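Below you'll find the structure, written out as structure tokens, and then a few comments.
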Amino acid sequence: MSADAQKCLFREVFGSDSEEDVKEAVSTCPTACVHGLTHVKQWLSFPQQEDLLVAVEAEQWFTGGANQAMRFGDFPNMGGRWTAQRRPLFDQLIVNLYQPGEGLKPHVDLLRFQDGIAIVSLQSSAILAFTRGEEVVDVRLDPGDLLLLEGEARYEWMHGITAIPREQLLEQTGELWPRISITLRKLI
Ligand SMILES: O=C(O)CCC(=O)C(=O)O
Ligand SMILES: [Fe+2]
């Protein structure tokens, strides 16, 4: 995807207050060795993350002990930037709730979804490991970060999170927070 198309995609999906905002965001890409992977550090400001977390909380998806919520087509109006009126570049949304240290099995997202998958991270950090055969690339996702998977990153590399025992996590970071990720995809 060209830089212009990428800017356009970000603007369409997440909205933007200014050209400046968009340019700054797409210029950060420290993960060049996984082709098709774009990592935008701190895509969402702290207040925007707060808005989104409040919107997720309001949906009450996780009150019954569930750890995943899935929506098709009718996205809730999450925190202003995620308005339902936007042209449906994406029509499926998954919100994952991870307890502190919880992992995610390495996988390639199902082929019934188109190329171009966006993941937004909230609340705490995690290392998303991209693996292809012997190759491993760790991507540290912090709250507010956006990751876009296209081409090789989407189809050739698996991604997953290695579980960390709570005690070890506490020792390493001094805190234990759940993590929330929002994955946006488009059905074929
Ligand atoms: O939680 C994440 O960052 C990854 C989520 C994911 O891989 C998925 O929803 O398919
Ligand atoms: Fe995935």
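The values are calculated or read from the model by the stated rules, or taken from the named source; none is laboratory data. Predicted model, so just to flag it, every value in this text is computed and none were measured. Cβ placement follows ideal geometry from the backbone for every residue including glycine, while neighbour counts extend to all protein chains displayed. We work out accessible area using only protein heavy atoms, side chains counted, and drop any ligands, DNA or RNA first. Shrake-Rupley method; radii C 1.70, N 1.55, O 1.52, S 1.80 Å.
For a paramagnetic label modelled at 7 Å from the Cα of Val108 toward its Cβ, which residues of the stretch 125-148 fall within the zone defined by backbone nitrogen distances under 13 Å?
What the label zone holds, given the 13 Å backbone N cut-off, is 131-133.
Under a Cβ-Cβ cut-off of 15 Å, what is the net charge of the residues other than Phe130 that fall near it, where Lys and Arg count +1 and Asp and Glu count -1?
On the way: positive: Lys105, Arg132, Arg140, Arg154; negative: Asp109, Glu134, Glu135, Asp138, Asp145, Glu150, Glu152, Glu156.
Within the 15 Å Cβ shell, the charges total -4.
Return the long-range amide H neighbours of Ser124 (sequence gap of 5 or more, or a different chain), with a cut-off of under 5 Å between placed amide H atoms.
Hits under the 5 Å cutoff: Ile180.
If each of Asp91 and Thr162 carries a label point 7 Å out from its Cα toward its Cβ, how far apart are those two points in nm?
Going from the Asp91 label point to the Thr162 one covers 3.9 nm.
To the nearest 0.05, what FRET efficiency results for Trp177 and Val54 with a Förster distance of 22 Å applied to their C-beta separation? Walk me through the numbers before you get to the answer.
On the way: r = 16 Å, r/R0 = 0.73.
Plugging the Cβ-Cβ distance into 1/(1 + (r/R0)^6) gives 0.85.
Would you tell me the accessible area of Met70, worked out with a 1.4 angstrom probe on the heavy atoms of the protein chains, in Å² to the nearest 10?
Accessible surface of Met70 is approximately 90 Å².
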